[in-house]
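Comments concern the structure below.
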Amino acid sequence: MLQFDTIIIGAGISGLYQLHKCRDELNLKTLVIEEGSDIGGTWYWNRYPGARCDSESHTYGYTFSKKIYKNWIWKEKYPKQNTILKYLKFVEKKLDLKKDILFNNKIISARYLERKNLWKIETNKNKVFLTKYLICAVGSLSSANIPKIKGLNAYKGKYYHTGRWPKKKVNLKDQVIAQIGTGSSGIQVAPEIAKVVKKLVIFQRTPNYSIPARNKKLTKEIINNYLKNYEKIKKLIKKTPGGHTFSFPNRSVFDFSKIERDKIFEKAWLKGSLAFRACFGDITKNLKANQKASNFIKEKILKIVKDKKIAKILTNFDHPFTSKRPTLNTNYYETFNKKNVQLVDLKTNPIIKITKKGIKTKNKDFNFDKIIFATGYDALTGPLLSLNLVGKKQIKLKDYWSKIPKSYLGLMIPKFPNLFIIQGPGSPSVLTNVPVQIEQHVEWITHCISFIELNKKRSIEASLSSAKNWSNEIKKLADASLFMKAKSSWYKGDNIPGKPKVFIPYPGGLPRYRNICNKVEKNQYKEFLIK
Ligand code: NAP
């Protein structure tokens, strides 16, 4: 049985950086195990038409190396899936990472052997490894959720999930296609496929707020400018709550007249960015202020969509703006003006079952060549639970997390020694520009392992009390936020039947979180049990 100092699960943005740190900085014998046939993580699996990032490209990547930052040119405001894959391949080559990655191996179990102080890892290809440190770099949005709709097995056509899109081109040309789901993925996929299909029927359960992305080619001047400002950008994205370049101003919605306020909203709408929510400081905090932003977006949609009935369904919001993940779009609302696009409102006309030929709703039987599920993920906890982790005293993670995903800082779990999580539940993760959070996590984990090794310790484990306090802190912050005003959201586990209904990520913002993590490190991990 091969033994390593560190095994990292996942070769996405986090796994690649963690490999570099463990192998090249700590000189640990390190292996990455990856289910896919290549690197990329999220960007390997999400190949659906229109897949693109909502973070601005010059902020979406690694900042740890000036050389890497300055030697890669982003050509568009928002990078598309394939561009991000190319970028990661460029980084991989620079750091020579592939030789330590085992592809096409899915972890089927990971068990802590108490006496040996080692993790035993098994893959679906019957490979077994031992390791002292196990680092889960499995992503927060990688467990695809295909809802258990009656009849799916009987369906004769092909169906796809956006987050598991095949490598081989999916032929959609002149076909009749169903799309279920209108979150970030659905909003991106619809306008792209509407261009080629004979008919697209979009099944919407809840309308989402979406701001125009206004993607564009970057001019030489913009490119030179961001390259020149590498240090500044690196500092700035560490200071803002979401790891983007924008922060929230002090000005309130109520400091302005409607005309003045709408001018500010209009400017942000024309610019196109997630920064729309930061037009005023109180949009994400105060329901009444939030309503003003919500009304502005609603008015815009009502103007774009020509059919009044469809426009009404698209604006029948049941949650405050930003209480669920806001999305960016390219011609999403305009797509509903096309003759070949139809919208089905699942609130009034729910799906009864999937049939051999298509979908039966309360009011109609549809035939489809293919069905696209843009139905999201078992977020944050799903990817970790799928590893079948077993900690001290044979405790299964699935049982340990049956009521709440207990962790300290989202980085470590009591009873699971030497197991680290990047982007885990209990960390800001999905509420941030992901690579910024990833770099912070990877660096914290690297320092922590270095501390254990230098002090010749056997193991580190989050204490029960620190995990309890951390859950309370998350609850307190979430309860005071607008996030809890959403009737149903994946941030709270509402989208997966049987999942604990608690707010999962840490909602206190990156700077506050980073300070806490830094203090823990400075105090030599007093909140942890070290042996
Ligand atoms: P999502 O936001 O969870 O959206 C899933 C959609 O499917 C929702 O409209 C949901 O409706 C619907 N749905 C789920 N189960 C259903 C069912 N049984 N019947 C009918 N409709 C159902 O998933 P996503 O769009 O894949 O996005 C997930 C996250 O991934 C995003 O929030 C974002 O963080 C990330 N992402 C980012 C980008 C980007 O950067 N551009 C792109 C894609 C994804 P309800 O709202 O009613 O639940």
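The values are calculated or read from the model by the stated rules, or taken from the named source; none is laboratory data. Keep in mind that what you see is a predicted model, and the values were worked out from it rather than measured. Quick reminder, even Gly has a Cβ in these numbers, built from the backbone with ideal geometry, and neighbours come from all protein chains shown.
Would it be correct to say that E122 is at pLDDT 95 or above, within 15 Å of the ligand (Cβ to nearest atom) and touching a Phe, Trp or Tyr at 6+ places or on another chain (Cβ under 9 Å)? No: the conditions fail for E122.
Applying the set (1) in a loop (DSSP other than H, G, I, E, B); (2) buried (at least 17 other Cβ atoms within 10 Å of the Cβ); (3) among the acidic types (D, E) to D494 leaves exactly one unmet item: (2). It is to be established whether one or more residues within segment 450-458 are buried (at least 24 other Cβ atoms within 10 Å of the Cβ) and within 24 Å of K396 (Cβ to Cβ). Looking for residues that are buried (at least 24 other Cβ atoms within 10 Å of the Cβ) and within 24 Å of K396 (Cβ to Cβ), one finds none in segment 450-458, hence no. Note on segment 70-80: among residues that are away from the ligand (no atom under 16 Å from the Cβ) and in a loop (DSSP other than H, G, I, E, B), the one that is nearest to L274 (Cα to Cα) is K75.
This table checks each residue for (1) under 27 Å from T123 (Cβ atoms); (2) outside any helix (DSSP H, G or I); (3) within 16 Å of the ligand (Cβ to nearest atom).
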{"residue": "K393", "(1), (2), (3)": "yes, no, no"}
{"residue": "F420", "(1), (2), (3)": "yes, yes, no"}
{"residue": "E443", "(1), (2), (3)": "no, no, no"}
{"residue": "S471", "(1), (2), (3)": "no, no, no"}
{"residue": "I474", "(1), (2), (3)": "no, no, no"}
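Within segment 158-166, the presence of a residue that is surrounded by 19 or more Cβ atoms within 10 Å (Cβ to Cβ), of a type in the set (S, T, Y) and farther than 29 Å from T330 by Cα is excluded.
Any chance segment 354-361 includes a residue that's out of contact with any strand residue (DSSP E or B) (no Cβ under 7 Å at 6 or more places or on another chain), basic (K, R) and crowded, with 16+ Cβ neighbours inside 10 Å? Scanning segment 354-361 turns up no residue that is out of contact with any strand residue (DSSP E or B) (no Cβ under 7 Å at 6 or more places or on another chain), basic (K, R) and crowded, with 16+ Cβ neighbours inside 10 Å.
From the list Y112, Y133, Y209, the lone residue that is within 16 Å of the ligand (Cβ to nearest atom) and in contact (Cβ under 8 Å) with a residue 24 or more places away in the chain is Y209. Scanning segment 52-86 for residues that are within 15 Å of Y17 (Cα to Cα) and in contact with a Pro (Cβ under 9 Å, 6 or more places away or on another chain) yields a total of 4. Scanning segment 40-64 for residues that are of a type outside the set (S, T, Y), within 17 Å of the chain's Cα centre (by Cα) and under 28 Å from N171 (Cα atoms) turns up G40, G41, W43, W45, N46, R47, G50, A51, R52, C53, D54. If you scan segment 369-424, which residues turn out to be of a type in the set (F, W, Y), buried (at least 20 other Cβ atoms within 10 Å of the Cβ) and within 22 Å of the chain's Cα centre (by Cα)? Hits for segment 369-424 are F373, Y377, Y408, F420. Confirm whether K67 is more than 16 Å from the ligand (Cβ to nearest atom), among the charged types (D, E, K, R), under 21 Å from the mean Cα position of the chain (by Cα) and under 29 Å from P241 (Cα atoms). No: the conditions fail for K67. It is to be established whether one or more residues within segment 222-229 are assigned to a helix (DSSP H, G or I) and within 13 Å of the ligand (Cβ to nearest atom). Looking through segment 222-229, none of the residues is assigned to a helix (DSSP H, G or I) and within 13 Å of the ligand (Cβ to nearest atom). State which residue is farthest from the ligand (Cβ to nearest atom) when the search covers only segment 18-49 and only residues that are crowded, with 21+ Cβ neighbours inside 10 Å and at positive phi. Only one residue fits best here, namely G40.
Conditions (1) within 14 Å of the ligand (Cβ to nearest atom); (2) free of Cβ contacts under 8 Å to residues at least 40 places away in the same chain; (3) not hydroxyl-bearing (S, T, Y), marked per residue:
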| residue | (1), (2), (3) |
| --- | --- |
| Y332 | yes, no, no |
| N337 | no, yes, yes |
| I354 | yes, no, yes |
| K364 | no, yes, yes |
| A374 | yes, no, yes |
| L380 | yes, no, yes |
| S402 | no, no, no |
| L409 | no, no, yes |
| L431 | yes, no, yes |
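One residue alone among A480, A486, A467, A462 is of a type in the set (A, V, I, L, M, F, W, C) and without any contact (Cβ under 8 Å) to a residue 24 or more places away in the chain, and that residue is A480. L218 meets the stated requirement of being within 20 Å of S55 (Cβ to Cβ) and over 24 Å from the mean Cα position of the chain (by Cα).
Checking each residue in segment 364-388 for being part of a loop (DSSP other than H, G, I, E, B) and touching a strand residue (DSSP E or B) at 6+ places or on another chain (Cβ under 9 Å) picks out K364, F368, D369, A374, T375, G376, D378, S386, L387, N388.
Filtered by the rule that a residue be without any contact (Cβ under 8 Å) to a residue 12 or more places away in the chain and of a type in the set (S, T, N, Q), segment 158-182 gives a lone residue, N171. Scanning segment 151-203 for residues that are of a type in the set (V, I, T) and within 13 Å of the ligand (Cβ to nearest atom) turns up T162, I180, T182, I187, V189, V201, I202.
Checked against (1) closer than 27 Å to L385 by Cβ; (2) assigned to a helix (DSSP H, G or I); (3) touching a residue at least 60 places away in the same chain (Cβ under 8 Å), I84 meets all criteria but (3). If only residues of segment 51-64 that are assigned to a loop (DSSP other than H, G, I, E, B) and of a type in the set (S, T, Y) are counted, the one that is nearest to the ligand (Cβ to nearest atom) is S55.
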